[in-house]
Structure formats: structure tokens, C-alpha cells
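One structure is given below, encoded as C-alpha cells.
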Amino acid sequence: MTIEDAVPGGAPTRASRYLPISEHGLIGDLRTAALVGTDGTIDWYCCPRFDSPSVFAAILDADRGGAFELAADVPSRTKQFYFPDTNVLITRFFSEQGVGEIQDFMPIPDDPRESARHRLIRRVICVRGTLPFLARVAPRFDYARQPHVLRQEGDRVFFESPSLALTLTTSVPVERDGGDVRARFKLQEGESAVFALDRVGDEVPPRACPLAEAEREFTSTVRFWRHWLSRSRYRGRWREMVHRSALTLKLLTYAPTGGPVAAPTTSLPELVGGGRNWDYRYVWVRDAAFTVYALLRLGFTEEAAEFMGFLARHVSRPAGTASDPLQIMYGIDGRCELPETELGHLEGYQSSAPVRTGNAAAGQLQLDIYGALIDSIYLYDKWGEPISSDRWDEVCALVDWVCANWDRPDEGIWETRGCRKHFVYSRLMCWVAIERAIRMANRRGLPADLRHWRVTRDAIYRQIMARGWSPAMNAFVQHFDADVLDASLLMMPLAKFVSPTDPKWLSTLDALARHLVSDSLVYRYDTDASPDGLRGAEGTFSICSFWYVEALTRAGRLDDARLAFEKMLTYANHLGLYAEEIGHTGEQLGNFPQAFTHLSLISAAFNLDRALDH
């Protein structure tokens, strides 16, 4: 899959100040990541971790944010694609003078000491004819808050700020331009040039990157990703899209701890010009648990084991040490404090302020996370390896807490910033938490207070049926004693709470289709009917759209499910990547790429494939 775009001659500046969110690809080294635009510009990069302050952030402020620009220095058309079955990104430039390409990738070294380098390699190749190129490296450290000093030593350029030092090595001459560097060079057919940007420090000495080394790094990076993907067991109809989603989920995993981030970006807006801009560079318990499900389906048990290790090291708490045993999210290193700050000096993507770091929702009560977490442990115990006795004790403590707290109002899955409510989805996932624990205890003969658990589980079920059902809507609703629909209810048959052909569920599915579905795209809820304490509207939520596909599949409506799925695939970008939401004209909105969307694509494809085959 490719995209074609026009790049003007001269300096590699953009036709408009901001590329569409969808016109980016992602590269990374399992510790951090960078966005590369279809014009060849890296406009988002944090170092040394996903949640570190930015080095390049032009996607959040075209003037102040900083960027690494690299493009053909003549009028060109561009196409962008991934080297097959890898996360190596290639951007091609087509001009009257010739054809060139940039190969962008971040090596994943075996040596832990080299992992701290976070090397970002940009290899430029002239494929046909002769082509001039122009580069500009303009870092702006700490979200453009820290100054830096530029120093040159031979073929190396050092960018040194108070908190971070980077070195640029290149095979072509560069010229100083204030605190930035520029380069103009011409390549003949078959010739190449290399730019390598490294983190350096006391433990990471500078290291050159000549052309031959860049070739070796390219080969080893391709080998790493292809070896990883070869473990996939998926052989279905949508192999390319499913494998791209799997590669993306792996790319969003922080290797030192096994914690997957929700997205590698912050503050890309859910509506351009609106204020729904959040920092997603953290580990959401819910998202991570669903990621385990998706990867287990494909056969990636090691990633599931790594997340179980993250839970054991950073999340588990003995009962009674806090009012709530779990936060809804954690830092990628397991830290609990994620203070939310607004960066007023950055204008935001297309002037969509504010730009935020941290996330105040970390302190919310969201009861559904217990169901997502225990369901992932149940699946790992079933498809991965049996959990340990210590882990079972932790599960029992969590289930006992759920039994004592399930009847509380909370902020819900959508992290509303208004008042707490008795959300049906939260009740549903409390039921899941207890039900899955009962299954584990029965299957393995593990000790548990099964009588108490069963009584509580059944009480939740009866309450949802009595108070979560609206006779007026003839459907299950968002929260008790209301007539508002919510797409999270699509999880009811997926979680095996109701039969997918239960008349009450089919009536709910029809109501959701009438009120929240638009050409296969699904809104989370009606923000006018159910105010959430946030200003501005939003687009359709892509995870809900894939949940809708799966609900149709399980209801036996396979023609409708397949059509909805195929329509959803048309909203992916040229690389098969999705943001969080889809706007009114089909544009990608929100942080990008979004793990939630990709894991739900995998689940929908897997279950639709199975239904079509049978």
C-alpha cells in the first residue's frame, strides 16, 4: 500500500504547515518511536523513551517544535511503504530527474549498552537517474523549552542540551545554520548517503555510521522484524492488515518492562480546533490487557508473558494498601504519578490547544479495568502457561475487592470528566472479573471463596438486566436509569455476558445501528444526550467500529459484518495504520497510531475469518 503526494521544489518545507495525521509512518526500537511524514520529515520523536520530552515536535508546533527534514530538492511525487513484513519505512521521491528513496529505521541491538544509543538511521539512495537532496536537522529539546549548543568535531555534529545530548554522523558535508545544520548533496544512480542520529553520554560514547555499517544495520533490523512476525499463526483473509497491526502493537511495547503504550504521541486532537487532546504515552491496564488477548490469538505468547511480568513487578499491590488496588494507567516504568501539565508555548496540531503531558485521568475510578485485567490473566493461563500460585493469590485479592466495590459509580471506560455514574459497561466488566476467576478456579482446582463469588456475580447480572435495560429504547443503555446508548455495550456478547442472538441483545444491536453507526463507523455515545464534562465534539471511535463488526459476526449477520469490516479497512492510512478516531470526511483524528484500534482489528478479523470458514 502506498500514498502519493506532491512535494514542491526547493527546501523540503510543507505545502501546508501541517501534514494530515494519516500521512505519517512509524518507526521505533521498542523503547521510543518517531513519526515520519510522507514528505520525508520526522516531526515527532522523543528520546530516550516513549514518554520522554520531545526532540522533534513540529507536528504540535510547526514553527517551534523542531524537525528532521530530508527530501528531494526538486519537484517530486512521493510514495511511502513498509519494507515487507518489517517496521522499516521507505519514502520514495519520483521526479523528472530520477527516483530516490529514504529508508528510515531504528536498529534493535542485542547488546543492552547499545540499546541506550537509540540510533535513528536515515539512508538515502538514488534508485534511477540523478537526484539532488536537501536535509535540515533542527532539534528543539524538552518540548522546545531547553536551549542547546551545537558543536562540530570532524564529520560529527553534537547537539547538547542540559538534559540530553545527540550526535549526528553523516556521509555528506553539513553546514551550520545557527543551532541547526543543513546539507545539500546530489546522488547518482546506485549511490547512497547516510544520516545517523544517536543519543550519547558517559555510558554511550559516539560511534560512526559509515555506509557499510548502515547496510549491516538495515539487514539486521529487517531480520529482527521478519523473525518476530514469523511466529504469527494467522493465515486468514486479511493477513496483510492483521500483520501490520501486530507489528504496530509490538512497536508500541516498551521492551525493558513489557508495558505497551496506548499510542506514541500526545495531544493530537480528537477534533481539530477542539480541546480533547490527551497524552497517550502510558500503559493503560485496559488497553494492555486487550493487547494480550489480540497477540495471544496470533500466537505471540512471549509478549503476553512480558506483560504478566510488568503486572507482577509494577502493578500488583497487597490488599488493603490503597483504597483502589489498581490505577487505570501507569508509566512505562511502572510509576504511578503522571501529573498533567499544559504546554502553553506550543500552539498544538493545526492550532488545536492545549498541548498536554501527563494524564490526570490516572486518578480516576474505572471499575471495568478489573474485568479486562483478569480476563487477560485467564486467557494467558489458558493459552500461554498456567499462572503461578502467587499470581493466583493476587487474582483472588482483586476479585474479593471487586466483590466489595462493584456497586460504586465511576468515571467509566471513556474517562469522562463530569460526575461519576453507574455505567453498565463497568458493571459488565466487574461481572467478567468474577466470572473468569471462577472459571480458572474450576478448571485448575484452585482455592477460592466460590460461593461468595458466585452470589456476587449473579447479583451483578441481575442488576444489569433490571436497571441497565431501557424499555423506552428497547435496548441496554449507557448507565442506570437513563435512555442513552453507548458503543461499549457492544462488548456484552464479546464478553459472553449475553448470547449474541438473545432477543434483548439483537434489539440493542439494532438500536446502536440506528443511533450511533454511520456507514460502518461507530460513535462512542451522543455527547449532547450524555454530557461528559469535556468541550467540543469528536469523531467516530475506531475500536467501537471493529467491536461492531465482531458483534455482527457473532449474531450471524456475516454479510453485514464483512461489508462493515471491508469499509473500515478503507479508512486506514496508506500503511494500514489507524489513529483513535475518524472524522466527518474520513480523516484520521487523535493520537497516532492507536493500539486500541489495531488490537480490535485483529480480534474482528480473527473471529470473522473463523465464522466465514465455518
Just checking, how many residues over region 559-614 are more than 21 Å from Asp519 (Cβ to Cβ), in contact with a Phe, Trp or Tyr (Cβ under 9 Å, 6 or more places away or on another chain) and either free of Cβ contacts under 8 Å to residues at least 40 places away in the same chain or of a type in the set (Val, Ile, Thr) (or both)? 1
Just to be sure I understand the filter: pairs with C-beta atoms under 7 Å, separated by 6 or more residues or on different chains, first member in region 334-356 and closer than 22 Å to Leu589 by Cα, second member open to solvent by 60 Å² or more (accessible area, probe 1.4 Å) and among the hydroxyl-bearing types (Ser, Thr, Tyr). Which pairs pass? Arg356/Thr341
I'm told Phe565 meets every condition in (1) over 17 Å from the mean Cα position of the chain (by Cα); (2) open to solvent by 10 Å² or more (accessible area, probe 1.4 Å); (3) aromatic (Phe, Trp, Tyr) except one. Can you identify the failing condition by its number? (2)
Kindly indicate the residue of region 590-607 that is over 13 Å from the mean Cα position of the chain (by Cα) and of a type outside the set (Phe, Trp, Tyr) and also surrounded by the most Cβ atoms within 10 Å (Cβ to Cβ) among those meeting that condition. Ala604
Only one residue in Arg427, Arg444, Arg457, Arg439 is open to solvent by less than 10 Å² (accessible area, probe 1.4 Å), touching a residue at least 12 places away in the same chain (Cβ under 8 Å), basic (Lys, Arg) and within 29 Å of Ala305 (Cα to Cα). Which one? Arg427
Identify, by number, the condition in (1) open to solvent by 10 Å² or more (accessible area, probe 1.4 Å); (2) more than 22 Å from the chain's Cα centre (by Cα); (3) at pLDDT 95 or above that Leu346 doesn't meet. (1)
Which of (1) on the phi > 0 side of the Ramachandran plot; (2) at pLDDT 95 or above; (3) over 16 Å from the mean Cα position of the chain (by Cα) does Gly576 not meet, given it meets every other one? (3)
Unique residue being touching a residue at least 60 places away in the same chain (Cβ under 8 Å), open to solvent by 30 Å² or more (accessible area, probe 1.4 Å), within 15 Å of Ala71 (Cα to Cα) and of a type in the set (Val, Ile, Thr) when the list is Ile125, Ile121: Ile125
Quick one: count up the residues across region 1-30 that are part of a loop (DSSP other than H, G, I, E, B), open to solvent by 30 Å² or more (accessible area, probe 1.4 Å) and modelled with pLDDT under 95. 13
Checking Ile328 against (1) among the hydrophobic types (A, V, I, L, M, F, W, C); (2) over 19 Å from the mean Cα position of the chain (by Cα); (3) modelled with pLDDT under 95, the condition it does not meet: (2)
Every residue from region 49-63 that is closer than 15 Å to Glu342 by Cβ and open to solvent by 10 Å² or more (accessible area, probe 1.4 Å): Pro53
Could you check how many residues of region 148-168 are among the basic types (Lys, Arg) and either closer than 15 Å to Pro205 by Cα or in contact with a helix residue (DSSP H, G or I) (Cβ under 8 Å, 6 or more places away or on another chain) (or both)? 1
So Glu340, is it touching a Gly at 6+ places or on another chain (Cβ under 9 Å), modelled with pLDDT under 95 and acidic (Asp, Glu): no
Of the residues that sit in region 255-274 and are buried (at least 24 other Cβ atoms within 10 Å of the Cβ) and hydroxyl-bearing (Ser, Thr, Tyr), which one is farthest from Cys46 (Cα to Cα)? Ser267
Restricting attention to region 309-325, and to residues there that are open to solvent by 10 Å² or more (accessible area, probe 1.4 Å) and under 21 Å from Lys382 (Cβ atoms), which single residue is modelled with the lowest pLDDT? Ser316
Residue check for Arg462: closer than 30 Å to Arg514 by Cα, charged (D, E, K, R) and touching a strand residue (DSSP E or B) at 6+ places or on another chain (Cβ under 6 Å): no
The lone condition Gly539 fails out of (1) without any contact (Cβ under 8 Å) to a residue 40 or more places away in the chain; (2) buried (at least 22 other Cβ atoms within 10 Å of the Cβ); (3) out of contact with any Phe, Trp or Tyr (no Cβ under 7 Å at 6 or more places or on another chain) is (1)
For Asp111, the lone unmet condition from (1) at pLDDT below 95; (2) under 23 Å from the mean Cα position of the chain (by Cα) is (2)
Any idea which residue in region 493-530 is most open to solvent (accessible area, probe 1.4 Å), counting only those that are closer than 25 Å to Glu435 by Cα and β-branched (Val, Ile, Thr)? Thr501
Conditions (1) part of a helix (DSSP H, G or I); (2) aromatic (Phe, Trp, Tyr); (3) within 22 Å of the chain's Cα centre (by Cα) -> Tyr234 fails only (1)
Within region 219-229, can one find any residue that is aromatic (Phe, Trp, Tyr), open to solvent by less than 20 Å² (accessible area, probe 1.4 Å) and in contact with a helix residue (DSSP H, G or I) (Cβ under 9 Å, 6 or more places away or on another chain)? yes
Here the residues within region 148-196 that are modelled with pLDDT under 95, surrounded by 14 or more Cβ atoms within 10 Å (Cβ to Cβ) and outside any loop (DSSP other than H, G, I, E, B) are Arg156
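The values are calculated or read from the model by the stated rules, or taken from the named source; none is laboratory data. Predicted model only: the values in this text are computed from it and were never measured. Neighbour counts run over all protein chains shown; Cβ positions are idealised from the backbone, glycine included. Side chains are part of the model used for accessible areas, which takes the heavy atoms of the whole protein and leaves out ligands, DNA and RNA. Shrake-Rupley method; radii C 1.70, N 1.55, O 1.52, S 1.80 Å.
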